[in-house]
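What follows is a set of notes on a single structure, which appears directly below.
The values are calculated or read from the model by the stated rules, or taken from the named source; none is laboratory data. This is a predicted model, so every value here is computed, not measured. Here Cβ is always computed from backbone atoms with ideal geometry, including for glycine, and neighbour counts include all displayed protein chains. Areas reflect the complete protein model, heavy atoms only, side chains present, ligands, DNA and RNA absent. Shrake-Rupley method; radii C 1.70, N 1.55, O 1.52, S 1.80 Å.
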Amino acid sequence: MASQKPLVFVTGNANKSKEVKEILSAGGHPIQIESQNLDIPEIQGTTIEVAIAKCKRAAELVGGPCITEDTALCYVALNGLPGPYIKHFMTEIGHEGLNALLVGFPTKAAEAVCTFAYSAGPGSEPIIFEGRTEGTIVPSRGPKVFGWDAIFEPTATGLTYAEMPSDQKNKISHRGKALEKLRTYLQSLP
């Protein structure tokens with residue numbers, strides 16, 4: 001990537017930063033990033049609207065190329081909610097509360113969605129890279145150290161994200177899928 005400034009991943013989440021660095025630095029042609037914690041207000045809207053607004057503001061603050069990420073957990077029974085508001089739901093009601101939201105519904109199906117936005121710098125329109133993984137909401141299993149990983153079981157795995165070794169999770173996760181698209185794009189730049 002031809003650039004004077006390093007690519008900055010704007011996040012305050014140490015677990016996300018570690019996972020993104022792990023995925024982007026793997027394989028041939030590793031992409032190096034540095035993380036920066038900036039206080040950027042999130043608008044309400046779809047994951048794509050949130051990601052674009054966040055990335056535009058981040059590029060202004062960083063003064064160069066950057067990526068931002070927005071994650072959603074979409075319950076089929078709740079027509080896509082909590083969606084991009086999952087962080088707030090997780091903070092307020094935790095794993096048990098997220099499970100309780102589905103009591104009485106015939107399906108526990110959910111989709112994990114990750115939306116990365118890349119900006120070449122201030123004034124550049126962000127480019128979107130999205131990854132999706134279907135699964136089921138289950139009672140908490142595994143370490144409770146990374147958001148809602150302990151209650152999301154990707155389809156046909158028998159394990160929650162929290163129970164998986166990171167290399168297994170990164171191959172099938174919504175974040176891993178979005179980052180593969182981002183990596184391909186970044187490696188295509190002159």
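Close amide H contacts of Leu7 (hydrogens built in the peptide plane, cut-off under 5 Å, sequence separation of 5 or more or a different chain): Glu34.
In the chain, helical runs assigned H by DSSP with n ≥ 4 each contribute -39500 (n - 2.57); averaged across all residues and rounded to the nearest 500, the mean residue ellipticity at 222 nm is -10500 deg cm²/dmol. The order of His88, His174, His29 by accessible area, most exposed first and with a 1.4 Å probe, is His29, His88, His174. Using only Cα atoms and rounding to the nearest 10 degrees, what angle (0 to 90) does helix 174-188 make with the longest principal axis of the chain? Orientation of helix 174-188: about 20 degrees from the principal axis. The lysine pair count for region 1-127, using Cα distances under 25 Å and pairs eight or more places apart or on different chains, is 17.
Using a cutoff of 8 angstrom between alpha carbon atoms and counting only pairs six or more residues apart, the relative contact order for region 87-141 works out to 37 percent. Sequentially through region 57-63, phi angles give Karplus couplings (6.51, -1.76, 1.60; θ = phi - 60°) of 5, 4, 4, 5, 5, 6, x Hz, Gly and Pro residues having no value and appearing as x.
Largest to smallest in accessible area, the residues Leu159, Leu186 fall in the order Leu159, Leu186 (1.4 Å probe, all protein chains included).
Computed over the chain with a Gaussian network model linking Cα atoms closer than 10 Å, the most mobile of Ala26, Ala77, Ala58 is Ala26.
Full extension of the chain between Lys144 and Gln168 yields a length gain of 6.9 nm, computed as 0.36 nm times the residue separation minus the alpha carbon distance.
Note on Glu92 and Ile127: the extension gain reaches 9.4 nm, defined as 0.36 nm multiplied by sequence separation minus the Cα-Cα distance.
Run the numbers on the chain and let me know its relative contact order in percent, using alpha-carbon pairs under 8 Å that are six or more apart. Here the relative contact order equals 20 percent. Once the Cα atoms are used to define both axes, helix 86-100 deviates from the longest principal axis of the chain by about 20 degrees. Here the peptides 123-132, 45-54 are ranked by packing, the mean other Cβ count within 10 Å, and the order with the highest first is 45-54, 123-132. Backbone amide hydrogens, once placed in the peptide plane, bring Thr136 within less than 5 Å of Ala110, Glu153, Thr155, excluding anything fewer than 5 places away on its chain. Taking Lys and Arg as +1 and Asp and Glu as -1, the other residues whose beta-carbon sits under 13 Å from that of Thr155 total -1. Between Ser35 and Ile48, the modelled labels are 2.8 nm apart [label points 7 Å from Cα along Cα→Cβ].
Among residues other than Lys54 with Cβ under 13 Å from its Cβ, the summed charge is -3 (Lys and Arg +1, Asp and Glu -1). Over region 127-182, Cα pairs under 8 Å with separation of 6+ residues give a relative contact order of 41 percent. Positive contributions from Lys and Arg (+1) and negative ones from Asp and Glu (-1), summed over other residues with Cβ under 9 Å from the Cβ of Glu19, come out at +4.
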